[in-house]
Amino acid sequence: MSVEQQTTPVRVRSIGTHLDRVDGVAKVTGRAPYAVEHGEADGVVDPLHLWLVQSTVAKGVVVDVDTESARDHPGVIAVLDHASAPRLAESDDGELAILQEPTVHFRGQIVALVLAETSEAAREGAALVNVSYDVEPHEAELREDNASYRPDSVNPDMETDTEEGDVDAAIAAADIVVEQTYRTAYEHNNPLEPHATVAWWDEEDGREILSMFDSSQGVHGVAQTLAPMLGLEVDQVRVRAPYVGGGFGSKGEAHAHVMATALAARTVRGRPVKLAVTRQQMFALTGYRTATISHVRLGAGADGRLAAIEHRVQEQSSALKEYAEQTASPTRMMYAAPHRRTSHRLALLDVAVPSWMRAPGEMPGMFAHEVAMDELAVECGLDPIELRIRNEPELDPETKKPFNNRRLLDCFRRGAERFGWSSRPAHARATQDGDWWVGTGVASATYPAMRMPGNAARVRSLGAGRYAVAIGSVDIGTGARTVLTQIAADALGVEPGAIDLAIADTRLPPASVAGGSSGTSSWGSAVVAAAQRFRADHGEHPDPGVETTASAADDPQADELAFHSFGSVFAEARVHRWTGEIRVPRLLGVYSVGRVINPTTARSQFIGGLVMGLSAGLFEESYRDARFGHMVTQDLASYHVASHADVLDIDAEWLEESDEVFTPMGSRGIGEIGIVGTAAAVANATYHATGMRVRSIPITPDRFLES
Amino acid sequence: MDETIRLTVDGAERTVEVDTRTTLLDALRERLEVTAPKKGCDHGQCGSCTVLLNGRRHLTCLALAVAHDGAEITTADGLAGGGPSADRLHPVQQAFLDHDGYQCGYCTPGQVCSAVGVLDEVKNGHPSHVTADLEGDPDLTDDEIRERMSGNLCRCGAYPGILAAVRQAAGA
């Protein structure tokens, strides 16, 4: 039984101080078990290995699956295709309803599964399956002339379009207009642990039970998604994810491979089935960020004050399943302007299904907006920080509510001081160091603060001052295990060492996804609610065994305020005058995110976001060959992510503050904001270095050799 | 076709039957349940599978098991002495903890093994791509550490922490 509890602010003792990651030793020794590393001790006995067979055409119908050679291969147990795979009870979700029909919707779609005694046999078996198709013409290219579909809403459930005032008239009357198109590339999340699942079916009390270890950002979400499709009640699916090797959004929802594993395991009841998705397969099956085209118009007075902002977005989704990235969403709330228009249009293509990638919407949208702001600063002859000061809104431009602590300008002031901004030359291409042009740039960062519904936590007295605290949330590397321990300790008024924390299992109280910078806010508030209710019900000296399960009630004030985090990003760029090589010797982020729970894990989160933003700015691009419909960059040698040698002096700091209206811990969430604005700051720094404006990412060396 | 090979893994003699197609990484992970070496790409592009093979860092995903009959392998688990207690951690592992040189932990065993290999290579005078003087003893500058560790990707972006950890371990 879970009760709803109105929380009060936590008296902080461990919160705000360093605590070693509670799972640190397990990680540095390699003893922490990830999804397919569980063995007999966890019920994974004598597993079979699964391999995916993927379509080699982008659109069409499977007319024949020749399995004979595969079945003859030693070690192969079975081959499943659309005719032989178990039927699903529901098949509305086109991405997950695999092997239910012969239709091919994108290149790389799962068209058969091979089960074998070893991974070598499974892989060879998959290579021996011969699939024939009736091929149909496909469309796999995002262009300005085909991205015209208007979705009903954009992720997660925002307005597709917004309009306020008369943008066209305001632009026509403006002293200064910036009108440009900005582009961001297709990106793949590429967590270092490829998606992986082990699943088995057995019976418990006469009911079918599907058990899984899945590399997931949210075990409850996986169970809720799979259960109805498999004709099960949610409690018949048990999902655990004690260790997850990163996700960055791609493990936020179950993808097709999870269903593949569940279906295959159903055919060999009692035996576990392991599937480790390959790095190459991830480029078709586990989500990605759409490329975006942002048409931006800014109209301002000579003093730089914005009269109008227009941000029209074109991007793509899959015709199989719609996902509309909310790219213009930050444009709706970032700066003051009486006239504003935003819109999103999609091309629905015969391609793999896009999904969440770190800061969906904010990351590509703020690249466009923040480079446009830099261009406006240049046009107005203003320092780019001064331009932002002049366009600071009184109220949230989107909701017209007061912001709860909008400290963007404090972030700029602190960053400017630390970065040495005041000595920056006003003009571009002003500094040369040998063969290198040197410049600096800034950008704003923002991310909404979100608390998800559907969270509860359980506190149980273990006696002798110790407490078991349980919630089904997942630690994907963020440090959730550690910060939830600190939160529980402070909420109960005990030392962190007195807390036994259990997470990442659907048999624990429900938890929302580790995504949208909402995890600590959502789970932590539930932990505080349970702890405070526990103390109210059982006092300071509870009998061993007594327990309380509770969820947190919303703060009544929360409806009257707009909650966002803010930040400033400062970058120094060096561009080689002959080769165009780009180096970023310094990158600094200063953030306002409410109270930081653990400065060590928080710093790593911010720096990780900055590194991923730098990586997006300079390297990351998935290149689709529209003729065939697949990404030709499908490994880490062709899809480049930042490596050690690319990361020089990167640091992050934050303002001391607390947001106790938003959560009883005072925190607002930190996972995404580090990636927001970072690519724009780097782009703006390369402009300041060279005088050449690059309006698309990744910013590659050739861009500086064109003139 | 199957072959039986012998390996010494973290100090223990192991005999394992492998398919001639089995990589050293899969022999460890799937046949011996030694899962400290991770599979991040299976193509030698990410470094997660790094172990010390006969004392030098090596990518086990690019090694066929049958070609390494008799090899001595040390994983991150073995560097810690095989026990569960923190006080037996290798200095490199302790440095990763001290500088939060990881987040999700998946690349970490490979980073740790690689760092141990780097320190040994520098001690033995091996130059790198960024070493200016190929004749003298390399000085383990930050750029040297970054260059030598660049075969190990970290998608969580813990590179500044890893750099600080390797620097600390080099001074230890």
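The values are calculated or read from the model by the stated rules, or taken from the named source; none is laboratory data. All values derive from a computational prediction rather than experimental measurement. Heads up, the Cβs are rebuilt from the backbone with ideal geometry, glycines too, and the neighbour counts pull from every protein chain shown.
Rundown of residues vs (1) in contact with a helix residue (DSSP H, G or I) (Cβ under 6 Å, 6 or more places away or on another chain); (2) farther than 20 Å from A:GLY249 by Cβ; (3) assigned by TED's automatic domain parsing to the domain that holds A:ALA526, yes/no style:
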site	(1), (2), (3)
A:VAL590	yes, yes, no
A:LEU610	yes, no, no
A:PHE619	no, no, no
A:ARG627	no, yes, no
A:ILE673	no, no, no
Under 25 Å from A:GLY39 (Cβ atoms), within 13 Å of another protein chain (Cβ to nearest Cβ) and free of Cβ contacts under 8 Å to residues at least 12 places away in the same chain: which single residue out of B:GLY47, B:GLY81 fits that description? B:GLY81
For A:ALA260, state whether it is within 18 Å of A:GLY94 (Cα to Cα) and of a type outside the set (Val, Ile, Thr). yes
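Let's see how each residue does on (1) more than 14 Å from chain A (Cβ to nearest Cβ); (2) under 15 Å from the mean Cα position of the chain (by Cα); (3) under 19 Å from B:GLY55 (Cβ atoms); (4) surrounded by 18 or more Cβ atoms within 10 Å (Cβ to Cβ):
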residue	(1), (2), (3), (4)
B:ARG88	no, no, no, no
B:ASP100	no, no, no, yes
B:GLN103	no, no, no, yes
B:GLY110	no, yes, yes, yes
B:SER114	no, yes, yes, yes
B:ASP120	yes, yes, yes, no
B:ASN124	yes, no, yes, no
B:ASP139	yes, no, no, no
Kindly establish whether A:ARG507 is among the charged types (D, E, K, R), modelled with pLDDT of 95 or more, over 24 Å from A:THR7 (Cα atoms) and surrounded by fewer than 24 Cβ atoms within 10 Å (Cβ to Cβ). yes
A:SER565 fails exactly one of the following numbered conditions: (1) in contact with a Pro (Cβ under 7 Å, 6 or more places away or on another chain); (2) of a type in the set (Gly, Ala, Ser); (3) farther than 30 Å from A:VAL438 by Cα. What is the number of that condition? (1)
Would it be correct to say that A:THR162 is closer than 23 Å to B:THR35 by Cα and buried (at least 16 other Cβ atoms within 10 Å of the Cβ)? no
Count - residues of the stretch A:141-155 that are among the small types (Gly, Ala, Ser) and either assigned by TED's automatic domain parsing to the domain that holds A:PHE628 or without any contact (Cβ under 8 Å) to a residue 12 or more places away in the chain (or both): 0
Just checking, how many residues over the stretch B:141-172 are farther than 19 Å from A:GLY24 by Cβ and either more than 9 Å from chain A (Cβ to nearest Cβ) or not in a helix (DSSP H, G or I) (or both)? 8
If a residue must be within 12 Å of another protein chain (Cβ to nearest Cβ) and crowded, with 21+ Cβ neighbours inside 10 Å, how many such residues does the stretch A:601-646 contain? 22
Would you confirm whether or not the stretch B:55-73 contains a residue that is in a strand (DSSP E or B), polar (S, T, N, Q) and modelled with pLDDT of 95 or more? no
For the stretch A:25-47, give me the residue count where each residue is in a helix (DSSP H, G or I) and buried (at least 24 other Cβ atoms within 10 Å of the Cβ). 5
Residues of the stretch A:575-596 satisfying the condition of being away from chain B (no Cβ under 14 Å) and either surrounded by fewer than 24 Cβ atoms within 10 Å (Cβ to Cβ) or within 21 Å of the chain's Cα centre (by Cα) (or both): A:HIS576, A:ARG577, A:TRP578, A:THR579, A:GLY580, A:GLU581, A:VAL590, A:TYR591, A:SER592, A:VAL593, A:GLY594, A:ARG595
If you go through the stretch A:647-670, how many residues are surrounded by 22 or more Cβ atoms within 10 Å (Cβ to Cβ), more than 14 Å from A:HIS564 (Cα to Cα) and among the hydrophobic types (A, V, I, L, M, F, W, C)? 5
